[in-house]
Amino acid sequence: MSIGFETGMAGTGRFGTIRHDWKREEVRALFALPFPDLMFEAQRIHRLHFDPREVQISTLLSIKTGGCPEDCAYCPQSVHYETGVGAAKLMDLADVLAQARAAKASGASRFCMGAAWRSPKDRDVEHVCAMVAGVKVLGLETCATLGMLTAPQARRLKDAGLDYYNHNIDTSPEYYGEIITTRTYRDRLDTLGHVRDAGIHVCCGGIVGMGEAPEDRVGMIATLASLPVHPESVPINMLVRVEGTPAASREGIEPLEFVRTIAVARVTMPASVVRLSAGREDMSEETQALCFLAGANSIFYGPKLLTTPNPEPDRDRRLLDRLGMVPME
Ligand code: SF4
C-alpha cells in the first residue's frame, strides 16, 4: 500500500462517511494522490452509495435567454460581452412543455429550466411555477436555475413542485472576484440557504478551466463539501470557451486534472450525484469514461446546454452502450 493511498484513506474515512468538516489540507492531499490511488478511492466510495453502471440523465432548456445584467466572465448571456447571443423573452408555457415531453421521450428523468436573470421578479416566479407544475405532471423531476432567490420565492417554487434548484458557487472564494463582480460569494450562499430551507434539493457545483490555480479547485471543492448539507447534485463543468467572454482567453486545464476534480468531488461528497456537466462536447470519449470511473454519475443530454453545444443524444447513447452503462430510473 502506498503512502498516498493511506493518506486518502485517512482523509475520507474508511467507509465513505459523510463529513462536513473538510479542511483544505485534506482536500489538497486528495488532489495530490497518485492517480491510481485517487481513482481507486473514488470508485470504492462511489460503489458504497451508487450502482456504478447507472447515470442520471437531465435535459436543460433555456427558458429565457440572454440580456443578463450580471458579468460572469464565462457567460455568453451577459450584456457585458459581445458574443452574438441576443436577448429573448421568457418562453411560452406550451413550448416549454413540448420540449419537456421530447426530453422525456429521449430518456431524461429530470428537466432543468434556466433563465438568464440576476434575480427573478415575483411575477416571473409565477410563470416558472406554472412550468414546474406542468413538467411534474409529465412525470419528470423538475429543476430550475433563475439567479438569486428570496426566501419567499424559494418557498413558492417548492409549493409549485420544484424538486431541485441550481445555483453554482462557480469557483473558490479567493478567485471569485476574477469571475463575477456584480454579486458576492455571500449572495450565492444566501440563495443556497433559502433553497435548502424551503425543502428544495440543492444542485450546486462549479466551473474549472477558467484560469484558476490548482488551489482554487481545492477551495471550490472544500467549500462545497463543507456546506451544512452536501448538495444532492454537484455539477462539475469544464469551461466552454465562448469568444467575446473574458474567461475564453484564460488558461485551461488538462483532461486528467478535470478527472481528478471529479474524483475529489466524489470522495468528499460520497452520496451526492456528481454531474459531468458542460464541456463534454470537446472531451474525448476516453476522458468521459475516466470521469465515470472517477465517480461522475449524471450527464446533461441533448444537443444544447443553454447556449453552448453538447454532444448529440445518439452519440451519448452509443457511448453509454459501449461502456455498459444505463440511465438511472
Ligand atoms: S451565468 Fe447566469 S447570472 Fe451569470 S451572466 Fe450568465 S445568465 Fe447571468
For the stretch 242-277, the count of residues that are open to solvent by less than 10 Å² (accessible area, probe 1.4 Å), aliphatic (A, V, I, L, M) and within 19 Å of residue 72 (Cβ to Cβ) equals 1
Test for residue 171: is it within 16 Å of the ligand (Cβ to nearest atom), at pLDDT below 95 and of a type outside the set (Lys, Arg): no
Would you please name the residue that is farthest from the ligand (Cβ to nearest atom), looking only at residues in the stretch 36-55 that are open to solvent by 30 Å² or more (accessible area, probe 1.4 Å) and hydrophobic (A, V, I, L, M, F, W, C)? 40
Of everything in the stretch 143-156, what is in contact with a Cys (Cβ under 8 Å, 6 or more places away or on another chain) and either among the charged types (D, E, K, R) or away from the ligand (no atom under 16 Å from the Cβ) (or both)? Give them in sequence order. 156
State whether one or more residues within the stretch 241-261 are touching a residue at least 60 places away in the same chain (Cβ under 8 Å), of a type in the set (Gly, Ala, Ser) and in contact with a His (Cβ under 9 Å, 6 or more places away or on another chain). no
Scan the stretch 4-12 and give yes if some residue there is charged (D, E, K, R) and at pLDDT 90 or above, otherwise no. no
So residue 90, is it open to solvent by 10 Å² or more (accessible area, probe 1.4 Å), touching a Phe, Trp or Tyr at 6+ places or on another chain (Cβ under 6 Å) and either more than 15 Å from the ligand (Cβ to nearest atom) or among the aliphatic types (A, V, I, L, M) (or both): no
Right, residue 65: under 19 Å from the mean Cα position of the chain (by Cα), over 22 Å from residue 234 (Cα atoms), buried (at least 18 other Cβ atoms within 10 Å of the Cβ) and at pLDDT below 95 or not? yes
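Matching residues to (1) modelled with pLDDT of 90 or more; (2) within 28 Å of residue 88 (Cα to Cα):
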{"site": "229", "(1), (2)": "yes, no"}
{"site": "232", "(1), (2)": "yes, no"}
{"site": "237", "(1), (2)": "yes, yes"}
{"site": "253", "(1), (2)": "yes, no"}
{"site": "268", "(1), (2)": "yes, no"}
{"site": "281", "(1), (2)": "no, yes"}
{"site": "289", "(1), (2)": "yes, no"}
{"site": "316", "(1), (2)": "no, no"}
If I ask for residues that are of a type in the set (Gly, Ala, Ser) and either on the phi > 0 side of the Ramachandran plot or within 16 Å of the ligand (Cβ to nearest atom) (or both), which ones from the stretch 93-119 would you list? 107, 114, 115, 116, 119
Could you grab me the full set of residues in the stretch 164-191 that are of a type outside the set (Phe, Trp, Tyr) and buried (at least 22 other Cβ atoms within 10 Å of the Cβ)? 166, 167, 168, 170, 171, 172, 179, 191
Please enumerate the residues belonging to the stretch 67-115 that are among the acidic types (Asp, Glu) and not in a helix (DSSP H, G or I). 70, 71, 82, 92
Find all pairs meeting these conditions: Cβ atoms under 8 angstrom apart; at least six residues apart or on different chains; first residue within the stretch 56-85 and within 10 Å of the ligand (Cβ to nearest atom); second residue of a type in the set (Asp, Glu) and part of a strand (DSSP E or B). 72/170
Please go through the stretch 134-159 and pick out each residue that is touching a Lys or Arg at 6+ places or on another chain (Cβ under 8 Å) and either among the basic types (Lys, Arg) or surrounded by fewer than 24 Cβ atoms within 10 Å (Cβ to Cβ) (or both). 138, 139, 140, 141, 147, 148
Which residues, taken from the stretch 142-190, are outside any loop (DSSP other than H, G, I, E, B), closer than 18 Å to residue 217 by Cα and among the aromatic types (Phe, Trp, Tyr)? 176, 185
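The values are calculated or read from the model by the stated rules, or taken from the named source; none is laboratory data. Bear in mind that the values here come from a model prediction, so they are computed numbers and not experimental data. Backbone-built Cβ (ideal geometry, glycine too); neighbour counts: all protein chains shown. To get the accessible areas, we keep the full protein, side chains included, count just its heavy atoms, and leave off ligands, DNA and RNA. Shrake-Rupley method; radii C 1.70, N 1.55, O 1.52, S 1.80 Å.
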